[in-house]
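First the structure, in the form of structure tokens, and then the observations on it.
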Amino acid sequence: MNATESFIKTSKPVVVSTAPLVQLRDVHLAFGATDVLRGIDVEVHRGQAVSIIGPSGSGKSTILRCITGLLRPQRGDIRVGDTAVHTLRGEVELIALRRRVGFVFQQYNLFPHLTVLQNLVIAPTRVAGRSKTEAEQDARSLLEKVKLAHRADAYPGELSGGQQQRVAIARALAMRPQLILFDEVTSALDPETVGDVLTVIRELVREGMTCVLVTHEMRFAEEVSDHVYFTEAGRIVEHGPPAELFNRPRHERTRSFLQRTLGTAAAALRVPASSF
């Protein structure tokens, strides 16, 4: 069964506890005198959905860029499977990593001069070396999955923002990655189209795709995640299963953030006295 066929599974498989697929240890990154990450530790196991939440500027998106090698920390270890990302040198090594790690950005980054189908086919044929026939077959299956098979011949400029983001997700899947990183993929969308994008991600999570999501969609993070990290000023303040972090946060900072982002629904959140 190939990767495209595996996406039609109907329920999330049981994840066997093994070595993490993604592991960050004591990661530090600064831009000049500005510390952006200050000792980040994160683990993601195969088949997990992990969300990273926190205020703007807390380092969430920077963590994703470090995982895929777009940014290089000054200190710390980053591993994706057996690959020590922090040691990679040169474009050839980084391209090999990015064949295994899909990245869906806030902005869609589709090629405007290519059709939707061509956007999905270009990387599998040019980077992964697949035949055009195989790549197009996979692409059409993925477009069917994201409910856009009827727009295969359209250009990105002819699509809504939500449709373009679903194409971007299908494009990431076309490389048959081991995991996908989602960086605030709904923040630039009209509220009416957010649900369609979240539905696609929800299905991927249910099917067992390993996902790391940076998101401000708190209820969605609570629903789909196996584990949630809350960041503040470049540090992990706390992390844990969503039922615990969202309903019984240990730290006052987490509680105040959730009350502000969730509104009155979070008014009943309590922090154990031992946290102070």
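Since every read-out is calculated from the coordinates, none of them should be taken as a lab result. Remember, it's a predicted structure, so these values are computed and weren't measured experimentally. Cβ atoms come from the backbone with ideal geometry, glycine included; neighbour counts cover every protein chain shown.
Quick look at the numbers
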quantity	calculated
Test item: Cα-centred dipole of the chain, Lys/Arg +1 and Asp/Glu -1 on Cβ, debye	360
Point-to-point label distance, Asp35-Arg75, nm (Cα→Cβ direction, 7 Å offset)	0.9
Value of Rg/Rh across the chain [Cα atoms, Kirkwood radius]	0.97
Rounded, prolate or oblate (a/c below 1.5 giving rounded, otherwise prolate when a/b exceeds b/c) for region 110-176 by Cα gyration tensor	prolate
Proximal charge balance of Ser58 [Cβ under 11 Å; K/R count +1, D/E count -1]	+3
Cβ-based charge dipole, the chain, positive-most Cα from Val185, Ile40, Met218	Ile40
FRET E, pair Arg219, Arg126, Förster distance 41 Å, beta-carbon r, rounded to 0.05	0.55
Cα gyration tensor, region 131-218 - rounded (a/c under 1.5), prolate or oblate	oblate
Cβ-based charge dipole, the chain, positive-most Cα from Ile63, Val92, Pro156	Val92
Lysine pair number, Cα distance threshold 27 Å (strictly under), the chain, separation 8 or more or different chains	8
Full-extension gain in nm, Arg65 to Arg260, via 0.36 nm per residue minus C-alpha separation	67.5 nm
Net charge contributed by nearby residues that have their C-beta within less than 15 Å of Asp153 (K/R +1, D/E -1)	-1
Cα shape, region 48-198, gyration tensor, a/c 1.5 rule	oblate
Per-pair calculated FRET efficiency, R0 = 25 Å: Val92 and His28 via Cβ, rounded to 0.05	0.40
Förster-model FRET efficiency, 22 Å R0, Asn109 and Tyr155, C-beta, rounded to 0.05	0.90
Fewest-first ranking of Tyr155, Tyr108, using other Cβ atoms within 10 Å as the exposure measure	Tyr155, Tyr108
The chain - share of DSSP beta bridges that are antiparallel (%, nearest 5)	55
